[in-house]
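Structure first, commentary second.
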2 protein chains.
Amino acid sequence: MRIKNAAGRIIETETTGGKYKPFNGAKKYNSNPKLTNLSDALIKCGLRDGLTISFHHQLRNGDNVINMVLKTIQDLKIKNIRLAQTAMFNVHEPVINFISEGIVNRIEGSINGIVGNYISKNPLPYPVVLRSHGGRWAAIKSDELHIDIAIIAASTSDVKGNCTGIIGKTAFGPIVYSQIDALKADRVIIVTDNIVEYPCSFQEITEGFVDFVVKVDCIGFPENIVSGTTKITSDPLKQGIAYRCIELMDAAGIIKNGMTFQSGAGGISLAVTKYLGEILEKKKLTADFAIGGITKYLTDIYEKGRINKLYFGQCFDSHCVSFLSKNPGIPILNVGHYADPTSKGRSIDNLDVVVLGATEVDIDFNVNVNTHSDGRMLHGIGGHQDTAAGARFTIVTVPLYRKKNPIVREKVTTITTPGDVVDAIVTNEGIAINPNRRDIIKKIKRKIDIRTIEELKDMAYNSAGIPEKLNFGEKIVGIIKWIDGTVLDNIKIIEN
Amino acid sequence: MRIKNAAGRIIETETTGGKYKPFNGAKKYNSNPKLTNLSDALIKCGLRDGLTISFHHQLRNGDNVINMVLKTIQDLKIKNIRLAQTAMFNVHEPVINFISEGIVNRIEGSINGIVGNYISKNPLPYPVVLRSHGGRWAAIKSDELHIDIAIIAASTSDVKGNCTGIIGKTAFGPIVYSQIDALKADRVIIVTDNIVEYPCSFQEITEGFVDFVVKVDCIGFPENIVSGTTKITSDPLKQGIAYRCIELMDAAGIIKNGMTFQSGAGGISLAVTKYLGEILEKKKLTADFAIGGITKYLTDIYEKGRINKLYFGQCFDSHCVSFLSKNPGIPILNVGHYADPTSKGRSIDNLDVVVLGATEVDIDFNVNVNTHSDGRMLHGIGGHQDTAAGARFTIVTVPLYRKKNPIVREKVTTITTPGDVVDAIVTNEGIAINPNRRDIIKKIKRKIDIRTIEELKDMAYNSAGIPEKLNFGEKIVGIIKWIDGTVLDNIKIIEN
């Protein structure tokens, strides 16, 4: 059909291959200001009972944003909010009050420490859903977890919402968790304590995804966001475990030119990183790259030329944040790139080796990082599942027992990572290799001693006793999902 | 229901608030190698008759990739491909043969020069669909234009597909058009002539979006990709137009501290940039930011401290590409951030002023950039529509006439940008302001002389004669879309 459009032109509304709407007039864009206060932003984003609100945890135990937002929601007399934070720490103790007042009634996200302890004893009406970093990304991407309002803390932003965590007085490292929230949430609010001239330098989140920018006095407390320097373990037992890890990696032929690795920011992991740097230096070898949480121990090895490339995800000390802001071209690794199991390629699939921790391991090589042996849900999954499944060699480090609690045991209290993807357990009193990994067993034969996992369990039981059976009730406190969205385990309430 | 899952745990498949699938086993990720040749990559991506294949144009007139891919498709005996390139240049003359052999039968994307000339006379079975930069992004995002296979040229990539245009011997500046192709296409192939160690420094496209990486000898010819130095106009008439632009901007109160602007890489636009830098220097003023295609003229002003921030989109000379690779934190502006009309905020909505060119303008302030006055479709829309609608003040520069062809005229041959969003026409013989912009007319009153657009048209007709009426046929060669997807104009075949 021929029709005269608003520009006065006769156009066809249908041609081979297409149907078309006629031009209906043009006008200048008239963008509304985005800068406002938190209450106004939440109201304009349609805050109401029952919505899902997301946060990232990169301000860690210095975070001021979750508590501040929940207080504002309380003032607005809204209830039954589902939180979809990436993690929560002791600083979030006020969340307990928001739960008991009915402001929060549902949580999908990691809970560390005080709040986890509370919920373990006072379950929410809905079970807490725990996912790995990559699992959460995929759940949001696939709409399994729909976010109504994403709240994204930024240490610096411009008034349009281009923002970063790399610069500013509360800098915490690149924002790497929230890109998927920004992409999929109905509404997005940036919360910052530092507004700069447009356009912001460094932009992990860009204005096209942002509805409102909220300026507050303080998004967090720098001393609890990143450490000045991350502390390595000084415990000889843990140093021994770290050293044994290096021996195992060496025996397995992993320590060589071009190796790729991830090691975390816990005490043992930092020691592994440090010792690995020393052995690379001693043998004049160069690793291809390291990823994961970045610390000064890694940037030091990099600056000595013993790692070719660093991938920046989370930053765990202030040195690393500043390192990133001064070196052009260092790739920033968002969590999708790191670990999205539904993507066409994840950086962790390129790892020769990852070194992980645990609260418990069992004779099937299952690993628990979520609950303590008393059944309390005190930790999130983090990247544990993701990297274990991604790396070609997954090492879990644990002490054989802690006081009267055997850590290597018959059955873990909760399965976080299934034994199918765990290759070695390294303890202070010996190493066990997953019998499925005959390739590794063959490589290390006659180089280092290994024990069976049952032997380690027996040694643990001999020293610390047999674990007491927990008295579980029926109520489900939490659900542990595997990276593909299926359920690995239920955490049940402990009855005293 | 309680069920025992593959980890041996009894889990509930239904709780308050959710239904769950039981864990079904875990295994190590086993990623397949992505590095292969073009033919193999296309076959594995399911190449077949009728598919839509996309490209970016950032290798400009030095591009080797479109021709190479079409040759491979020809060798594979596949036909009826729909091309969805961002633009095409004279280097793509071989496309004419691929069209006449039926390998390409449909095009949605800009066509500059030789191929446009050919199609103007030999229309495709389907009309060519022309969209602005932002309009194309939105059309792909909304699935109006579905891409089966995206081919993304990169000057450097790693074997997993993390890639960039910023470094390497064929560097062309950051890849800024293809993020939406990578996100939405079914399959993605990176074509590069420089493979580096994983992970690539700078990563405009990341591995999670990439199916295959193809290494070829040469993606393009550097001398035709970016100029050593972009050439400013030496034509006194064009210099005069540029100077008049600056006078108009000054009279309108735009040249002040904190101003924001975009000016392109054409001869007049470069002169505007240069003169603007000079006046900023003379008046000791500092602009907030400049965006758009970046040239040395802009980085020079930036380095003198007369622009606070640069936003890097396309790079038009080698100086700028290298500038970006050496300065950390300079934000890279992808086309979605620049101009996606469906986003929550575009950088171009922050512009005080944009200076644009035209092939023709008319007394309704409509602008043509697509066809010449003889009716041939020789240019794409680029960011013309986007920036005209985004900037608070849109200036179009044109000579009053070219030889015997009046450029200011009664009706443009084709409407690219409707007069509703065009504020001033600056010619070598006078300036006309859109009567809708009474605010601007008031500001510049008694500062500079203005004419009505009809006066300019009359002057053009007096000097160059009245334009000949073109003899249009019925066949539609091309469709001009407005940024919202509606049809602004049809380009019809010219009958001789």
P(r) of segment B:39-153 in 5 Å steps, Cα pairs, percent per bin?
2, 12, 24, 27, 21, 12, 2, 0
Output wanted: per-residue J couplings in Hz (rounded whole) for segment A:402-419, from phi through Karplus 6.51 cos²θ - 1.76 cosθ + 1.60, θ = phi - 60°, x for Gly and Pro.
10, 6, 9, 10, x, 8, 8, 8, 4, 9, 5, 4, 9, 8, 9, 10, x, x
Hey, can you grab everything whose amide H is under 5 Å from the amide H of A:Arg409? Only 5+ residues off in sequence or another chain; H modelled, so Pro and N-termini drop out.
A:Val361, A:Asp362, A:Ile363
For A:Leu183, placing the label point 7 angstrom along Cα-to-beta-carbon and taking segment A:70-99, residues whose amide nitrogen sits under 18 Å are A:86
Can you compute the modelled spin-label distance between B:Lys326 and B:Ser142, with each label point 7 Å from Cα toward Cβ, in nm?
4.4
Cα convex hull of segment B:167-233: mean projected area in nm², to one decimal?
5.7
Please average, across the residues of A:117-127, the number of beta carbons from any other chain that are within 10 Å of each residue's own beta carbon, and give a whole number.
1
Kindly provide the pair-distance distribution of segment B:248-364 built from C-alpha pairs, with 5 Å bins from 0 and whole-percent values in order of increasing distance.
2, 11, 21, 24, 20, 13, 6, 2, 0, 0
P(r) for segment A:295-390: what percent of alpha-carbon pairs falls in each 5 Å bin, starting at zero?
2, 11, 17, 19, 18, 15, 10, 5, 2, 0
Quote the accessible area belonging to B:Ile78 in square angstrom, nearest 10, computed with a 1.4 Å probe and with ligands, DNA and RNA left uncounted.
30
Kindly work out what percent of the DSSP beta bridges joining two residues of the protein assembly as shown are antiparallel, to the nearest 5.
35
Checking the table A:Lys481/B:Lys19; A:Lys411/A:Lys492; B:Lys121/B:Lys492; B:Lys21/B:Lys160 against a 20 Å threshold on Cα-Cα, which pairs fail?
B:Lys21/B:Lys160
If I take the Cα coordinates of segment A:97-219 and project them onto the principal axes, what are the three extents in Å, biggest first?
47, 32, 23
Within the accessible area of segment B:228-470, what % is carbon and sulfur when the probe is 1.4 Å and the other protein chains stay in place?
49
In segment B:92-195, the trypsin sites (Lys or Arg not before Pro) that fall in loop regions by DSSP, at most 15 other Cβ within 10 Å
B:Lys169
Hey, can you rank B:27-39, A:314-326 by average C-beta count inside 10 Å, highest first?
A:314-326, B:27-39
Which single residue of chain B puts its beta carbon nearest to the axis of rotation relating B to A, and what distance, in whole Å, does that give?
B:Pro328, 2
Taking K and R as +1 and D and E as -1, what net charge do the other residues with C-beta under 15 Å from the C-beta of B:Lys44 add up to?
0
Here FRET efficiency (C-beta to C-beta, A:Asn471 to A:Lys403, R₀ 25 Å, nearest 0.05) is 0.75
On C-alpha positions alone, give me the angle between the axis of helix B:65-75 and the longest principal axis of chain B, in degrees, nearest 10.
50
With all protein chains present, segment A:25-120 has a carbon and sulfur share of its accessible area (1.4 Å probe) in percent of 49
Charge dipole (debye, nearest 20) of the protein assembly as shown; +1 at Cβ of Lys and Arg, -1 at Cβ of Asp and Glu
160
Once the label point is placed 7 Å from Cα along Cβ, list for A:Asn37 the distances to the corresponding points in the other copies, in nm, shortest first.
6.8
Using label points projected 7 Å from each Cα along Cα→Cβ, tell me how many nm separate B:Glu410 and B:Ser39, to one decimal.
5.8
Short version: ³J(HN,Hα) in whole Hz for each residue of segment B:429-438, in order, from phi by Karplus 6.51 cos²θ - 1.76 cosθ + 1.60 (θ = phi - 60°), x for Gly and Pro, what are they?
10, x, 10, 10, 10, 4, x, 5, 8, 4
Which whole-number value in Å² is the accessible area per residue of the protein assembly as shown, probe 1.4 Å?
37
So the label point sits 7 Å from Cα along the Cα-to-Cβ vector; using that for A:Lys169, what distances do you get to the other copies, in nanometres, sorted shortest first?
5.1
Taking the inverse of the average 1/r across all pairs of different Cα atoms in segment B:228-470, what Kirkwood radius in Å do you get?
18.2
Work out from phi, with θ = phi - 60° and the Karplus expression 6.51 cos²θ - 1.76 cosθ + 1.60, the ³J(HN,Hα) of each residue of segment B:445-456, listed in order in whole Hz, and give x for Gly and Pro.
3, 6, 9, 9, 6, 10, 10, 7, 5, 5, 4, 4
If you average over every viewing direction, what projected area does the convex hull of the Cα atoms of chain B give, in nm²?
27.9
Which order, highest average first, do A:171-178, B:252-259 follow once you tally other Cβ atoms within 10 Å for each residue and take the mean per peptide?
A:171-178, B:252-259
For B:Ala150, the residues 5 or more places away or on another chain with a placed amide H closer than 5 Å to its own amide H are B:Ser54, B:Arg187, B:Val188, B:Ile189
If you take the accessible area of B alone, add that of A alone, and subtract the area of the pair, what total do you get in Å², probe 1.4 Å, to the nearest 100?
6900
Above-threshold pairs, the threshold being 22 Å between Cα atoms, out of A:Lys141/B:Lys184; A:Lys184/B:Lys184; B:Lys44/B:Lys77; B:Lys344/B:Lys443; A:Lys403/A:Lys475; A:Lys44/A:Lys71:
B:Lys344/B:Lys443; A:Lys403/A:Lys475
Using modelled backbone amide H atoms (1.01 Å from N, in-plane), which distant-in-sequence or interchain residues come within less than 5 Å of A:Ile491's amide H?
A:Val477, A:Gly478, A:Ile479, A:Ile480
The alpha-carbon center of segment A:177-199 and that of segment B:10-84 are separated, in whole Å, by 30
Inter-label distance for A:Asn436 and A:Ile96, nm, one decimal - labels placed 7 Å from Cα along Cα-to-Cβ:
4.0
Quote to one decimal, in nm, the extra length available between A:Lys21 and A:Asn496 on full extension: 0.36 nm per residue of separation minus the C-alpha distance between them.
164.2 nm
Using 19 Å as the cut-off for backbone N distance, which residues of segment B:101-122 belong to the label zone defined by a point 7 Å from the Cα of B:Lys79 along Cα→Cβ?
B:101-107
Grab the DSSP H runs of chain B that are 4 residues or longer, score each as -39,500 (n - 2.57), total them, divide by all residues and round the 222 nm result to the nearest 500 deg cm²/dmol.
-7500 deg cm²/dmol
Magnitude of the Cβ-charge dipole of chain B, K/R +1 and D/E -1, about the Cα centre, nearest 20 debye?
900
With one decimal in nm and the nearest listed first, the spacings from B:Ile448 to its own position in the other copies, using label points 7 Å along Cα-to-Cβ, are 7.5
Per the Kirkwood treatment, what hydrodynamic radius in Å, one decimal, follows for the protein assembly as shown from the mean inverse distance over all distinct Cα pairs?
30.4
Scan chain B and hand back the longest stretch that contains none of the GluC sites (Glu not before Pro) lying in DSSP loops with at most 12 other Cβ atoms within 10 Å.
B:102-467
Lysines whose Cα lies under 24 Å from that of A:Lys274, excluding same-chain neighbours fewer than 8 positions away:
A:Lys231, A:Lys238, A:Lys256, A:Lys282, A:Lys283, A:Lys284, A:Lys296, A:Lys304, A:Lys309, A:Lys326, A:Lys447
Mind checking B:334-345 for the average number of partner chain beta-carbons within 10 Å of each residue's beta-carbon?
4
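The values are calculated or read from the model by the stated rules, or taken from the named source; none is laboratory data. Here the structure is a predicted model, which is why all the values come from computation and not from measurement. For neighbour counting, all protein chains shown are included, and Cβ atoms are generated from backbone atoms with ideal geometry for every residue, glycine included. The protein model used for the area step is the full one, side chains on, heavy atoms only, and it has no ligands, DNA or RNA in it. Shrake-Rupley method; radii C 1.70, N 1.55, O 1.52, S 1.80 Å.
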